[in-house]
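Where a number appears in this text, it was derived from the coordinates with a stated rule and is not lab data. Note that the structure is a prediction, hence the values are computed from the model and not measured. Here the Cβ positions follow ideal geometry from the backbone for every residue, glycine too, while neighbour counts run over all protein chains shown.
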Amino acid sequence: SVIEKSKQLAAWTAVDEHVLPEYRVIGIGSGSTVPYVVERIVSQGAEANRDRVFIPTGFQSKELIVSSGLSLGDVDQYPTIDVTLDGADEVDTQLNCIKGGGACHLREKVLAEAATTFILVADYRKNVEYLGTNFKAGVPIEVVPFAYAKVLQNLHQVLKSPNATLRMAVAKAGPVVTDNGNFVIDAPFDIERMKEPYTVISISLSLHQALTDQ
Ligand code: DER
C-alpha cells in the first residue's frame, strides 16, 4: 500500500542518512514503522552490525531486535546511545510530537533522551500543522495504577481535558497495561491548547504548584 511504502521509504532514508558506520549503540523504538528501520539496518550486513548493540523500548521492540538476529543490549549497560530511531503518532512543524499510540512512550522517551541523535520516522499522515489535527485519541499519559483516578479527575476538572479516558484493552478485560505495569490515559485537549504544546506541561506544573500550595 502507499502508506506502507511511505513508512518503508522514511525508514530506509533515516537509516541510510543517520545510522553511521561508526555508531555502535542504537535505540530501537516501537510501532509498525520501526520494523522497516530494523530491516534496513540488517541489510547493512553482518559485518556492519557485528560490534553493534541494540537497545529496546519495550517487549515488541525487544522481540524485533532478537528475531532480526541483532545483538540485544540494555539501557543500564549503555546509558548513552549513539542514535535512537522511533515512530510517532503526529509531528507538527516545530517537531513537537505525540507519542504513545502504542503505549510504549515511557521507555521510548528514556531512549530518546539518552540518545545523542534522535530520529523520528513517520509517514506523510503524521505531518500536521497542529498536534491533534488527525490523531484525535488525545495525548497519551502513562500513569501508575494507584494514581489513575486522581489524574483522571485532575484532567477533567483542572487541566481542561473533560474527555480524558482510561485506555481499555481490546483482547483483554480491563485497561491496557504497559511494559512497566502502568495504565494509559488518553487526554484530548482543544486545538488552541495543542498549538502551544508546552502550555499543557505548564498547566500541569501550575497544578502541582496549586496542590502543594494548599
Ligand atoms: O507509541 C508510539 O509512540 C509509537 O512510536 C507508535 O505510536 C508509532 O506508531 P506507528 O509507527 O505504528 O505509526
Largest fluctuation, Ala171, Ala46, Ala11 only, Gaussian network model of the chain with Cα springs under 10 angstrom, belongs to Ala171
The size of the Cβ-based charge dipole (Lys, Arg +1; Asp, Glu -1) of the chain about the Cα centre, to the nearest 20 debye, is 520
Among Ser30, Ser71, Ser161, the residue with the largest mean-square fluctuation in a Gaussian network model of the chain built from Cα contacts under 10 Å is Ser71
The alpha-carbon center of region 94-120 and that of region 121-149 are separated, in whole Å, by 12
Checking Glu192, Glu108, Glu39 against a Gaussian network model of the chain (alpha-carbon springs below 10 Å), the top fluctuating residue turns out to be Glu192
Burial-style ranking of 126-136, 15-25, average other-beta-carbon count within 10 Å with highest first, yields 126-136, 15-25
Across 5 Å bins beginning at 0, the whole-percent shares of Cα-Cα pair distances in the chain come to 1, 7, 14, 18, 18, 15, 12, 8, 4, 2, 1, 0, 0
At the level of C-alpha centres, the distance separating region 34-92 and region 167-181, in angstrom, is 25
Sequence order, region 3-13: Karplus ³J(HN,Hα) from phi using 6.51 cos²θ - 1.76 cosθ + 1.60, θ = phi - 60°, Hz rounded, Gly and Pro as x, gives 5, 5, 5, 5, 4, 5, 5, 4, 5, 5, 5
In the structure shown, of Lys172/Lys195; Lys7/Lys150; Lys136/Lys160; Lys7/Lys172; Lys62/Lys150; Lys7/Lys99, the pairs separated by more than 27 angstrom at the C-alpha atoms are Lys172/Lys195; Lys7/Lys150; Lys7/Lys172; Lys62/Lys150
